[in-house]
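Please treat every number below as a calculation from the coordinates, not as lab data. Nothing here was measured: the structure is a model prediction, and the numbers come from that model. Glycine gets a Cβ as well: all are built from the backbone with ideal geometry, and neighbour counts include every protein chain shown.
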Amino acid sequence: METQQLTTLAGVIDKKMNRQLKQYIDICARCAICKDACHQYVGTGDFKYLPARRAELIRQIYKKYFDKAGRFVPALYEARDPDENLLEELYESTYACTACRRCMYFCPFSIDTAWILSVAKAMLIAAGMGNEMLSQLADAAIMKGDQPELFRDVLVSGFKDIEAEVREITGDPSAEIPVDKEGADILYVGLAGAHSIRPAAVIFHEAGASWTLSLFESANYGFFLGDAEKARKIADRYMDEALRLGVKEVVITECGHAYRVAKIFHEAWSGKKHPFRVRHILEVIDEYITDGRITVDPGSVKGAITYHDPCQIGRNGGLFEEPRRIVRALAADFRDLTPNREQQWCCGGGGGIVAMSEFDEDRIKSGAKKVEQIRATGATIIAAPCENCRLQLEQLRDHHELDLHITPIMDLVVEAMPLAGTKAAQA
Ligand code: SF4
Ligand code: SF4
């Protein structure tokens with residue numbers, strides 16, 4: 001690699017450098033407490049997945065370019081150039097990280113390894129080594145936002161098909177999936193596909209909510225890629241729609257990272273404060289049940305059920321009690337996983353890793369702790385709001401031959417509601 005190119009890559013760290021990053025780089029005591037917190041390290045035993053080791057690669061470049069002692073005696077201070085070898089190591093340890101931030105929770109100095117790795121992702125992208133699949137998915141989403149007229153008719157016709165199912169489920173021929181409804185209270189942002197739209201539409205209909213469906217999906221591959229500009233553009237699609245329609249709130253489907261993008265990151269990326277609030281659909285459903293806007297059968301869930309806190313909804317999103325209250329309202333036998341809430345183990349499926357086949361083998365190994373937790377409860381049903389978590393849990397179930405039904409919470413709620421129509425339509 002040319003000297004000029006190495007300096008340019010090191011410049012990415014310089015650009016991202018702030019007091020927080022410098023502090024993270026300086027204060028790591030190398031105590032390795034974080035190793036027992038990382039599901040990937042615990043599940044694979046592979047040194048490259050040790051959280052402090054992942055961050056160490058960035059630290060080595062920092063020392064080579066920005067630390068006096070490291071600049072003059074690199075061998076003594078483990079200072080390194082971001083050459084191809086280092087970048088390849090960095091790629092594996094960075095894109096495998098699910099950004100669950102469990103290591104940060106247990107680190108005595110709260111070092112946010114996932115955040116340090118966001119700098120690593122920026123460097124990899126600058127070197128042309130960002131993940132190809134995530135990049136393609138992000139670009140496709142941005143293209144859809146740039147030319148919505150190309151997709152609109154196909155999307156709306158698909159929504160009409162789902163609307164017909166909603167009418168069948170609710171038994172109400174006037175039930176609707178509104179699109180582009182100005183002045184609606186809620187803009188609901190689902191995922192691609194009927195599974196995240198149909199149950200939400202039933203719930204909004206039964207609650208008598210004023211809502212409209214976004215033309216865009218909330219999944220954000222720019223966020224997983226580590227490209228803040230692309231991530232912002234993807235979220236802008238529905239945030240601009242919310243502004244245009246004048247809604248009071250944006251409600252994100254059960255997906256974890258999408259909620260965090262909308263709730264936590266988008267204002268910082270865009271530099272603008274939202275004139276509406278952002279909530280997760282489970283916050284809204286919890287409110288509907290508590291306020292009596294929808295009725296649910298408390299014995300609807302038959303058998304022992306547990307709940308998996310997706311990292312981006314729980315530890316990183318702060319929603320712990322809302323999903324539990326909903327599940328408890330439907331089930332007599334709720335058994336929490338141990339540990340849970342802030343200490344919950346990552347299932348291994350976050351951070352976009354399910355879309356990167358090169359990590360498949362390690363991904364399955366890294367779910368070992370989750371399998372152990374589920375087995376310990378004896379539950380045969382697990383509610384898991386995040387779609388990436390569900391994909392991972394399904395593969396873990398098949399791999400470990402677990403007797404386990406994996407379900408989104410919205411489906412359980414619809415199943416528990418006294419509806420006039422046929423619930424078979426939702427299958
Ligand atoms: S727990 Fe924190 S201080 Fe200890 S090695 Fe890991 S990142 Fe460094
Ligand atoms: S954020 Fe999660 S996956 Fe990444 S290093 Fe920390 S514990 Fe491991």
Hull shadow area, averaged, the stretch 3-130 [alpha-carbon convex hull, nm²]: 7.3 nm²
Rh (Kirkwood; distinct C-alpha pairs) - the stretch 233-281, Å: 10.8 Å
Dipole in debye (nearest 20) - the chain, about Cα centre, beta carbon charges: Lys, Arg +1; Asp, Glu -1: 1560 debye
Charge-dipole axis of the stretch 103-256 as Lys and Arg at +1 and Asp and Glu at -1 on Cβ define it, positive-most pick from Ala126, Ile162, Gly183: Ala126
Per-residue ³J(HN,Hα) for the stretch 235-241, Karplus 6.51 cos²θ - 1.76 cosθ + 1.60, θ = phi - 60°, Hz, x for Gly and Pro: 6, 3, 4, 8, 5, 5, 4
Unit Cα scatterers, Debye sum, the chain: log10 I(q)/I(0) for q = 0.08, 0.11, 0.13 Å⁻¹: -0.47, -0.86, -1.15
Hydrodynamic radius by Kirkwood, which averages 1/r over all alpha carbon pairs of the stretch 188-266, in angstrom: 12.9 Å
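Take the Cα pairs of the stretch 126-214, get the Kirkwood Rh, then feed it into Stokes-Einstein at 4 °C and 1.567 mPa s and tell me D in µm²/s.
Calculated translational D: 88 µm²/s.
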Cα lying deepest toward the dipole's positive end in the chain, options Pro323, Val261, Gly70, charges on Cβ: Gly70
Nonlocal amide H pairs with Gly314, under 5 Å, H built at 1.01 Å: Leu319
Dipole in debye (nearest 20) - the stretch 3-130, about Cα centre, beta carbon charges: Lys, Arg +1; Asp, Glu -1: 440 debye
With Cα atoms, 0 to 90° folded angle of helix 198-207 axis to the chain main axis: 60 degrees
Taking the chain and dividing mean pair separation by its residue count, relative contact order in percent (alpha carbons under 8 Å, at least six apart): 17 percent
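Given the pairs Lys144/Lys181; Lys22/Lys63; Lys35/Lys121, which are separated by over 18 angstrom at their Cα positions?
Lys144/Lys181; Lys35/Lys121
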